[in-house]
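Take a look at the structure set out below.
The values are calculated or read from the model by the stated rules, or taken from the named source; none is laboratory data. Not measured: the values here are computed from a predicted model. Neighbour counts run over all protein chains shown; Cβ positions are idealised from the backbone, glycine included.
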């Protein structure tokens, strides 16, 4: 299992990217039930991926995000604006 420092580093990078790029927030967590890391994008319904490491889960969810967005656009479905922000961001305003 990855160290807490490694996970915090990834979360920190994602937080900086989210603020700078105004992109979708990505959650990454370890699932005991699935015995792997899971990454999901709350603003994109059912957009998630998994991996053996946090980095792998992140890479996979970025691929899933592009596929989700492409599919929605081709189908003429609404593409939601990035809105989800964890409570920690709201507290720091």
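Only one of (1) modelled with pLDDT under 95; (2) surrounded by 11 or more Cβ atoms within 10 Å (Cβ to Cβ); (3) outside any helix (DSSP H, G or I) fails for residue 81. Which number is that?
So the condition that residue 81 fails would be (2).
Would you check if residue 72 is surrounded by 11 or more Cβ atoms within 10 Å (Cβ to Cβ), within 10 Å of the chain's Cα centre (by Cα) and at pLDDT 95 or above? Quick ask: steps written out before the conclusion?
Details: surrounded by 11 or more Cβ atoms within 10 Å (Cβ to Cβ): yes; within 10 Å of the chain's Cα centre (by Cα): no; at pLDDT 95 or above: yes.
Criteria not met by residue 72.
Do you know which of the residues in the range 16-40 that are crowded, with 16+ Cβ neighbours inside 10 Å and out of contact with any strand residue (DSSP E or B) (no Cβ under 8 Å at 6 or more places or on another chain) is modelled with the lowest pLDDT?
Residue satisfying both the conditions and the ranking: 18.
Within the range 42-81, count every residue that is in contact (Cβ under 8 Å) with a residue 40 or more places away in the chain, touching a helix residue (DSSP H, G or I) at 6+ places or on another chain (Cβ under 9 Å) and within 18 Å of residue 22 (Cα to Cα).
1
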